[in-house]
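The values are calculated or read from the model by the stated rules, or taken from the named source; none is laboratory data. The structure displayed is predicted, hence computed values, not measured ones. No Cβ is skipped: glycine too gets one built from the backbone with ideal geometry, and neighbour counts run over all protein chains shown. To get the accessible areas, we keep the full protein, side chains included, count just its heavy atoms, and leave off ligands, DNA and RNA. Shrake-Rupley method; radii C 1.70, N 1.55, O 1.52, S 1.80 Å.
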Amino acid sequence: MELLTRFGLTFGFRWLHVLGGITWIGLLYYFNLVQVPAFAAFGDDGKSRNMAIDKVARRALWWFRWAALFTLVTGLLIVGITKDYMKDFMTDKSLFGAGHDSVIAVGMVLGITMAANVWMVIWKNQKVVLANAANVLAGNPADPAAAAAGRSAALASRQNTIYSVSMLFFMVGATHFYSGAFGNVAGSKAVTFFIISIVIAAVFEINALGLIGGKATTNKLLWPYESHKNAIITAFSMWAVLWILSEILFKK
Ligand code: HEM
């Protein structure tokens with residue numbers, strides 16, 4: 001029963017965590033790459049679109065939000081159960097190397113922000129969209145707030161797509177790249193990398209919430225969110241900036 005020992009569980013929670021993660025992020029990509037363009041293709045056919053929202057999106061959103069919570073909880077359990085995981089965190093004496101600690105901390109902040117976006121922005125607004133679709137299908141008048149709610153959810157959803165590329169790079173790279181490639185970088189450099197990364201991520205999040213220039217499609221700052229192509233370009237640009245920054249800071 002090695003799997004039930006403390007050591008075994010550090011692996012067991014990783015396994016469950018990755019299962020949760022692929023379910024969550026798989027559905028995130030389905031929404032962004034498939035569902036949004038497919039539903040837009042319904043055009044003026046409001047009945048078909050509302051049927052699809054009611055029967056397809058409702059189910060997809062159930063798995064999406066619970067998978068996000070499951071991934072978050074199992075991720076935190078890995079931290080809790082691994083012996084000495086946070087001991088001497090981001091210092092020269094760090095267990096897995098300060099480089100590892102720094103990038104897993106960035107990955108976790110991105111992941112936690114993504115989970116908060118799922119529950120506090122996307123699901124909150126999608127509830128309005130789902131209720132409107134069901135109402136209209138039942139022959140009641142449309143809710144005028146539904147379009148704005150859909151826009152808020154879409155901005156946060158594309159922001160999560162943008163974060164996901166860097167998040168997964170640091171999540172997997174912490175152990176499988178940074179520990180081996182850079183070893184124990186100076187604690188001060190690890191902290192510098194963490195702070196710069198979090199500032200960049202925070203600017204993105206504030207913008208996606210419409211707190212810089214509003215949520216209108218005329219706001220040029222929202223370019224990264226106006227199509228899935230723009231989101232993919234932005235995601236890899238953000239990743240390239242963070243990766244190059246880490247290479248410069250952690251160079252031996
Ligand atoms: C929601 C917040 C999240 C937290 C708090 C979290 C936390 C963690 C932690 C602590 C580790 C162990 C890293 C190490 O020391 O090697 C880890 C690994 C990992 N996480 Fe996450 N994570 C989160 C989200 C995600 C998401 C959304 C995915 C998407 C698939 C994901 C996929 C992975 C993968 C693939 C690993 C590597 C497992 C390994 O190779 O050992 N995580 N995560």
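List the number of the failed condition for residue 132; all other conditions in (1) among the polar types (S, T, N, Q); (2) modelled with pLDDT under 95; (3) more than 16 Å from the ligand (Cβ to nearest atom) hold.
Exception for residue 132: condition (2).
Assess whether residue 15 counts as being away from the ligand (no atom under 14 Å from the Cβ), aromatic (Phe, Trp, Tyr), in a helix (DSSP H, G or I) and open to solvent by 80 Å² or more (accessible area, probe 1.4 Å).
So residue 15 does not fit the description; no.
Determine which member of the set 72, 76 is hydrophobic (A, V, I, L, M, F, W, C), assigned to a helix (DSSP H, G or I) and within 21 Å of residue 162 (Cα to Cα).
Of the residues listed, the single one that is hydrophobic (A, V, I, L, M, F, W, C), assigned to a helix (DSSP H, G or I) and within 21 Å of residue 162 (Cα to Cα) is 72.
Being over 17 Å from the mean Cα position of the chain (by Cα), surrounded by 14 or more Cβ atoms within 10 Å (Cβ to Cβ) and within 12 Å of the ligand (Cβ to nearest atom) narrows it down to one of 74, 82, so name that one.
82
On the given criteria, is residue 146 at pLDDT 95 or above and within 16 Å of residue 50 (Cβ to Cβ)?
yes
Taking residue 177 as meeting all but one of (1) under 21 Å from residue 243 (Cα atoms); (2) in contact (Cβ under 8 Å) with a residue 24 or more places away in the chain, write down the number of the exception.
It is condition (2) that residue 177 fails.
So the check is Cβ under 9 Å with 6+ separation or different chains; which pairs have a first residue in segment 73-90 that's closer than 19 Å to residue 111 by Cα and a second one that's among the aromatic types (Phe, Trp, Tyr) and within 8 Å of the ligand (Cβ to nearest atom)?
78/85; 79/85; 85/96
For segment 172-222, which residues satisfy the criterion of being within 16 Å of the ligand (Cβ to nearest atom) and β-branched (Val, Ile, Thr)?
Listed by number, the residues that qualify are 172, 175, 185, 198.
Restricting to segment 209-234, name every residue that is among the aliphatic types (A, V, I, L, M) and closer than 20 Å to residue 30 by Cα.
Once the filter is applied, which keeps residues that are among the aliphatic types (A, V, I, L, M) and closer than 20 Å to residue 30 by Cα, segment 209-234 yields 231, 232, 233.
Using beta carbons and a limit of 7 Å, which pairs, at least six apart or on different chains, have the first residue in segment 186-204 and open to solvent by 70 Å² or more (accessible area, probe 1.4 Å) and the second one small (Gly, Ala, Ser)?
Between residues of segment 186-204 that are open to solvent by 70 Å² or more (accessible area, probe 1.4 Å) and residues that are small (Gly, Ala, Ser), there is no close pair.
May I ask you to list the residues in segment 79-95 that are of a type outside the set (A, V, I, L, M, F, W, C) and not in a helix (DSSP H, G or I)?
Residues satisfying the conditions are 82, 83, 84, 85, 87, 88, 91, 92, 93, 94.
May I ask you to list the residues in segment 105-161 that are among the aliphatic types (A, V, I, L, M), open to solvent by 60 Å² or more (accessible area, probe 1.4 Å) and under 22 Å from residue 66 (Cα atoms)?
112, 120
May I ask you to list the residues in segment 36-53 that are in contact (Cβ under 8 Å) with a residue 24 or more places away in the chain, out of contact with any His (no Cβ under 9 Å at 6 or more places or on another chain), surrounded by fewer than 19 Cβ atoms within 10 Å (Cβ to Cβ) and not basic (Lys, Arg)?
46, 51
Here is a yes/no grid of residues against (1) within 30 Å of residue 139 (Cβ to Cβ); (2) of a type in the set (Ser, Thr, Tyr):
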{"residue": "48", "(1), (2)": "yes, yes"}
{"residue": "58", "(1), (2)": "yes, no"}
{"residue": "73", "(1), (2)": "no, no"}
{"residue": "83", "(1), (2)": "no, no"}
{"residue": "103", "(1), (2)": "no, no"}
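Does segment 105-121 contain any residue that is of a type in the set (Phe, Trp, Tyr), under 29 Å from residue 187 (Cα atoms) and in contact (Cβ under 8 Å) with a residue 40 or more places away in the chain?
no
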